[in-house]
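Accompanying notes for the structure given below.
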Amino acid sequence: MGIIEKMRLDGKKGFVTGAARGIGKCTATALAEAGADIAIVDLDLETAQKTAVEIAEATGRKVIAIRCDCTAPAQVDAMVAQVVEELGGLDFCHNNAGICINEQAEKMDYEKQWLKVININLNGIFLTDIAAGKYMLEHGGGSIINTASMSAHIVNVPQPQCAYNASKAGVIQLTKSLAIEWAKRGVRVNSISPGYIGTDLTLNSPSLIPLIEQWNAMAPMGRLGKPEELESIVVYLAGDTASFTTGSDFIVDGAFTCF
């Protein structure tokens, strides 16, 4: 069997959070193209359902949509239970839901801005990691993939985003901590750290459009990344060829953090 065949995900089941659009939609599509059945998990159920239909029609895989607030423990537990029931198991997950609020630290509202970012980006990752991990620990193992950010490694400029940076740094340490705890029990935990990615939201956000030219000027490759450029690392981490890969953070940023 060649390496391409070894990397296929036929028979595997998983979910992607924040998958109605953007990075999550791209990775969910790639995972389905590789042979997996997928749950599209998002707060926006209507868009998630459209995405699920689109991916199912394109790949022939079973794809379902589930609404879930990843900061609500009961909803997260119910989501994992639904994935297991409807797909027939859980072999991997890509915990990708997240937000960024650009605000100067001294002006940041603690509850509406700081806590909101930390709750979604870090606490939400913790809850989905634990809910998925509990199932995997009891059923022979699995792979958990978390979306961190290059912002865990650097301080972005010129926009102020201390809550985002702190939350993503926490994601990497959470990833490494769980990887150590579960290494001998069959559950692998890794993270990906994208650089600036040109999602539809980024490219069409009035507050971000003026910054894109500055980011490109700073970037060694002179451009934003594409969501599709994150697909292959997620497919690799979800599958059995990554069986010795755990506790790692994969920076995909066009060398932005190299200087």
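Looking at TYR135, TYR164 in this structure, which one is over 29 Å from LEU9 (Cβ atoms), touching a helix residue (DSSP H, G or I) at 6+ places or on another chain (Cβ under 8 Å), among the aromatic types (Phe, Trp, Tyr) and not in a strand (DSSP E or B)?
Step by step, each of TYR135, TYR164 is checked, and only TYR164 is over 29 Å from LEU9 (Cβ atoms), touching a helix residue (DSSP H, G or I) at 6+ places or on another chain (Cβ under 8 Å), among the aromatic types (Phe, Trp, Tyr) and not in a strand (DSSP E or B).
Return the residues of region 2-28 that are over 13 Å from the mean Cα position of the chain (by Cα), on the phi < 0 side of the Ramachandran plot and not acidic (Asp, Glu); say none if nothing qualifies.
If the condition is that a residue be over 13 Å from the mean Cα position of the chain (by Cα), on the phi < 0 side of the Ramachandran plot and not acidic (Asp, Glu), then GLY2, ILE3, ILE4, LYS6, MET7, ARG8, LEU9, LYS12, LYS13 are the ones that fit.
Report whether or not LEU43 is within 20 Å of GLY141 (Cα to Cα), touching a strand residue (DSSP E or B) at 6+ places or on another chain (Cβ under 9 Å) and not aromatic (Phe, Trp, Tyr).
No: the conditions fail for LEU43.
In region 206-226, which residue that is of a type outside the set (Lys, Arg) and part of a loop (DSSP other than H, G, I, E, B) is surrounded by the fewest Cβ atoms within 10 Å (Cβ to Cβ)?
PRO206
Would you confirm whether or not region 171-189 contains a residue that is touching a helix residue (DSSP H, G or I) at 6+ places or on another chain (Cβ under 7 Å) and hydroxyl-bearing (Ser, Thr, Tyr)?
There is no residue in region 171-189 that is touching a helix residue (DSSP H, G or I) at 6+ places or on another chain (Cβ under 7 Å) and hydroxyl-bearing (Ser, Thr, Tyr).
Does ALA78 qualify as being among the hydrophobic types (A, V, I, L, M, F, W, C), loosely packed, with under 15 Cβ neighbours inside 10 Å and assigned to a helix (DSSP H, G or I)?
Answer is yes for this residue.
Taking the condition under 20 Å from VAL252 (Cα atoms), at pLDDT below 95 and outside any helix (DSSP H, G or I), does VAL189 pass?
No.
Tally up the residues in region 33-74 that are crowded, with 17+ Cβ neighbours inside 10 Å and part of a helix (DSSP H, G or I), please.
Result for region 33-74: 8.
So, in region 165-205, of the ones that are crowded, with 16+ Cβ neighbours inside 10 Å, over 16 Å from the mean Cα position of the chain (by Cα) and among the small types (Gly, Ala, Ser), which residue ends up farthest from ASP129 (Cα to Cα)?
Going through the qualifying residues, I end up with ALA166.
Pick from region 227-259 the residues that are assigned to a helix (DSSP H, G or I) and charged (D, E, K, R): which of them is nearest to ARG185 (Cα to Cα)?
ASP240
Residues checked against (1) of a type in the set (S, T, N, Q); (2) out of contact with any Leu (no Cβ under 8 Å at 6 or more places or on another chain); (3) at pLDDT 95 or above:
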residue: GLU213; (1), (2), (3): no, yes, no
residue: GLY225; (1), (2), (3): no, yes, yes
residue: GLU229; (1), (2), (3): no, yes, yes
residue: SER232; (1), (2), (3): yes, yes, yes
residue: ASP240; (1), (2), (3): no, yes, yes
residue: PHE244; (1), (2), (3): no, yes, yes
residue: GLY247; (1), (2), (3): no, yes, yes
residue: ASP253; (1), (2), (3): no, yes, yes
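The values are calculated or read from the model by the stated rules, or taken from the named source; none is laboratory data. Since we're looking at a predicted model, the values are computed, not measured. Here the Cβ is made from the backbone with ideal geometry for all residues, glycine too, and neighbour counts use every protein chain on show.
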